[in-house]
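Data first, discussion second: the structure below is written as structure tokens.
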Amino acid sequence: MTQPKRFLSGIQPSGKLHLGNYFGAIAQHLALQHEGEAFYFIANYHALTTINDAAQLRALTREVAAAYLALGLDPQRAVLFRQSDVPELHELAWLLATVTGMGLLERAHAYKDKVARGIAPKVGLFYYPVLMAADILAYRSNVVPVGADQVQHVEMTRDMAGYFNHTYGEVFVLPEVRVSEVAGIVPGTDGQKMSKSYGNVIELFADDAALKKSVMGIVTDSAPVEAPKDPERNAIFQLYALVATPEEKAAMADAFRAGGYGYGEAKKALLAKLKTFFGPARERFAALLARPDDIEDVLRDGARRARAEALATIEAARAACGLA
């Protein structure tokens, strides 16, 4: 029998989850749990490059786990775990680092961006792609679903795996990348890509007042109500299209083009649709956070399953390079 595909991806607990996280990554992850073996980790080691508050990191990690479960992840189908519950990753990262040239890491977009902006990058940021490669390779992943901004990291992982395999023999599976069709095009409240870094997000599990404030604060142009408008050029319609039915999407587009349809009315329609689309998940999310022991049980079981896979890979890598 053909071995089922294994999917692997991670998400940083570096802030409150938002629509960009859901449509750019989480929705794809949930769908893939029905296509093969799925391993999803909460990248709390990686989050240390931006978060230095222990209590905050613990809380955000718990919230990411609760979000995945509330949105439909089945822990019997998919392995959900904390990155830090597999500490052997750092040994694997070191083995990869010994065959990886500085030039490859210096070309990483995240590192170059910080340098270009005059920010003194930490060693952790420079080393980030190596640890990410260990994350991917440890579980012998075939496919890595990511957003468009993470494609380079998968390509670098393939390079590192290739260096190791060339040096020591075929140990690692070279993963393929799968980019979400939506990834990278979820607009924020200011029209730029939705990102915590830009402070332009609409949170997935915000309360009603906060959700309304975010939606009603979406930046628009000064076109009067009566003027025809291009729906494809405003963030309200682009966000509405993500949660509406094809018929609802077409109706809003027609209303914009006909004129007489204002941005305020469109924002109210978007707000109502977001409440409907995410309402049941919001209730499940709140219920899960009230039962932290249940979340912990899922993460511990996921760690047990993930660690067993990682240990087998690391043992093979150790043997290949003479450490065992």
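The values are calculated or read from the model by the stated rules, or taken from the named source; none is laboratory data. The structure presented is a predicted model; accordingly, all values stated were derived computationally and were not measured. Reconstructed Cβ throughout: ideal geometry from the backbone, glycine too, with neighbour counts over all protein chains shown. Quick note on the areas: whole protein, heavy atoms, side chains included, nothing else; ligands and nucleic acids left out. Shrake-Rupley method; radii C 1.70, N 1.55, O 1.52, S 1.80 Å.
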Next on the checklist: Can you tell me which of Ala54, Ala272, Ala66 moves the most in a GNM of the chain? Springs connect C-alpha atoms under 10 Å apart.
Outcome noted: Ala54
Item to check | Leading residue at positive end of dipole, the stretch 281-324 (Cβ point charges), from Ala316, Pro292, Ala281 | outcome: Ala316
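For every other residue with a beta carbon closer than 11 angstrom to the beta carbon of Ala133, add +1 if it is Lys or Arg and -1 if Asp or Glu, then tell me the sum.
Result for the local shell: -2.
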Item to check | Choice from Gly103, Gly124, Gly302 with maximal GNM fluctuation in the chain (Cα, 10 Å cutoff) | outcome: Gly103
Checklist entry - When the Cα centres of the stretch 1-61 and the stretch 243-306 are compared, how far apart do they sit, in Å? => result 18 Å
Checklist entry - Amide H to amide H under 5 Å from Val177: which residues, 5+ apart in sequence or cross-chain, H placed 1.01 Å off N in plane? => result Val144
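How large is the direction-averaged shadow of the alpha-carbon convex hull of the stretch 7-46, in nm²?
2.8 nm²
How large is Rg over Rh for the chain, taking Rg from the Cα atoms and Rh as the Kirkwood inverse mean of 1/r across Cα pairs?
On the Cα set of the chain, Rg over Rh gives 1.01.
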Checklist outcome for this item: At q = 0.22 1/Å the base-10 log of I(q)/I(0) from the Debye formula over the alpha-carbon atoms of the stretch 168-249 is -1.19
Checklist entry - Based solely on its DSSP helices, what 222 nm [θ] is calculated for the chain when runs of n ≥ 4 H residues each add -39,500 (n - 2.57) and the sum is averaged over all residues, nearest 500 deg cm²/dmol? => result -16500 deg cm²/dmol
Item to check | Nearest-ten-degree value, helix 54-71 long axis tilted from longest Cα axis of the chain | outcome: 70 degrees
Checklist entry - For the stretch 212-278, what is the charge dipole size about the Cα centre, in debye to the nearest 20, if Lys and Arg each add +1 at the Cβ and Asp and Glu each add -1 at the Cβ? => result 360 debye
Checklist entry - Using a 1.4 Å probe on the protein chains only, how many percent of the accessible area of the chain belongs to carbon and sulfur? => result 53 percent
Item to check | Cα centre as origin, Lys/Arg/Asp/Glu Cβ charges: the chain dipole, Debye | outcome: 360 debye
Next on the checklist: Using Stokes-Einstein with the Kirkwood hydrodynamic radius over Cα pairs, what translational diffusion coefficient do you get for the stretch 185-324 at 25 °C and a viscosity of 0.890 mPa s, in µm²/s rounded to a whole number?
Outcome noted: 134 µm²/s
Next on the checklist: Let me cross-check Asp297: its accessible surface, 1.4 Å probe, with only protein heavy atoms counted, in Å² to the nearest 10?
Outcome noted: 90 Å²
Next on the checklist: Under 10 Å, Cα contacts only: if you run a Gaussian network model on the chain, which one of Asp207, Asp159, Asp301 comes out with the highest mean-square fluctuation?
Outcome noted: Asp207
Checklist outcome for this item: For the chain, percent of DSSP beta bridges that are antiparallel (nearest 5) comes out at 10 percent
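For every other residue with a beta carbon closer than 11 angstrom to the beta carbon of Pro228, add +1 if it is Lys or Arg and -1 if Asp or Glu, then tell me the sum. Walk me through the intermediate numbers first.
Values: positive: Lys229, Arg257; negative: Glu226, Asp230, Asp254.
Residues close to Pro228 contribute a combined charge of -1.
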Checklist outcome for this item: Whole-number value, in Å³ per residue, for the convex hull of the alpha carbons of the stretch 43-166 is 130 Å³
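For the stretch 282-324, with only Lys/Arg (+1) and Asp/Glu (-1) charged at the beta-carbon, what is the dipole magnitude about the Cα centre, in debye rounded to 20?
Roughly 120 debye, rounded to the nearest 20.
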